[in-house]
Amino acid sequence: MSSEADVGQKNVTMIIKEAAIKSGGVRVAVLAVAAILLISCDFMGEDSDLKLRADYQKNADGTITFTLIMKNEGLETLDLRSSSSQIYDIEVYDHPGRLLWNWAHDKMFLCVITTITLQPGEEKVYYETWDLRTNSPDPAIPGPPIKPGSYQARLKLVTRPSASYHFDLDI
C-alpha cells in the first residue's frame, strides 16, 4: 500500500521525467531532482504535534477579532520556521469561494528567517481585528464593507511545519 507521499512523489517524478525527455536537457533533469526534494519535504514535513485552533468574537464597535492559538502537543521542543517575519495569515471568503479579505494584503514583512520555538505543552496566542471591509487595490483607501451573511474564514500558519483552520463566520 502506498502512502500519500509515495503516490505524490511518483506523480511528480513522472511529470519531471516527461519534461526532461521532451526538453532533452540535463539542466531540466537537475532542476527536476531539486523539485522532487522540495515536494517530498512538503509531504513529509508536517508535524502532528502542532495543533492550531481559531475562533472569532464580534466586538461592540462592529469589528471582529480573530484568535489564533498554536500549541505544541508533543513531548519535544517544536521549531516553527518562516522565510519572512510573517507567521500566519487570515483569509475570509464568500460562499462561492471568492476571497474578500486577506489580513496580510496591506502588510509588509521583513525578509528574514523567523523561528518560533514552542516547548512541550506550550501555546502561543495571536489576535487580529478586522473592520469588516474587503481589501482594496489601494491599501490607503478602505474597501467596501461586506454585507451581513455567512462567510468562510481560513487561518493558517505560513511556517514549516504548517497548519490551517477553517470555520464558518456569521456576520
Worksheet item: Mind checking whether some residue in the stretch 143-150 is under 15 Å from ASP55 (Cα atoms) and among the aliphatic types (A, V, I, L, M)?
Response: no
Worksheet item: over 29 Å from ASP170 (Cα atoms) and exposed (fewer than 15 other Cβ atoms within 10 Å of the Cβ), is that true of THR129?
Response: no
Item to complete: Taking SER162 as the residue in question, decide whether it is among the small types (Gly, Ala, Ser), touching a Pro at 6+ places or on another chain (Cβ under 7 Å) and part of a loop (DSSP other than H, G, I, E, B).
Response: no
Worksheet item: Has the stretch 86-96 got at least one residue that is surrounded by fewer than 13 Cβ atoms within 10 Å (Cβ to Cβ) and under 26 Å from LYS58 (Cα atoms)?
Response: yes
Worksheet entry | Residue among ILE116, ILE90 that is under 15 Å from the mean Cα position of the chain (by Cα) and of a type in the set (A, V, I, L, M, F, W, C) | ILE90
Worksheet item: Pick from the stretch 62-81 the residues that are farther than 22 Å from ALA153 by Cα and of a type outside the set (A, V, I, L, M): which of them is surrounded by the most Cβ atoms within 10 Å (Cβ to Cβ)?
Response: ASN72
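Every number in this text was worked out from the coordinates using simple rules, so none of it is lab data. Bear in mind the structure is a predicted one, so any value in this text is a computation, not a measurement. Cβ sites come from the backbone with ideal geometry, for glycine too, and all protein chains shown count toward neighbours.
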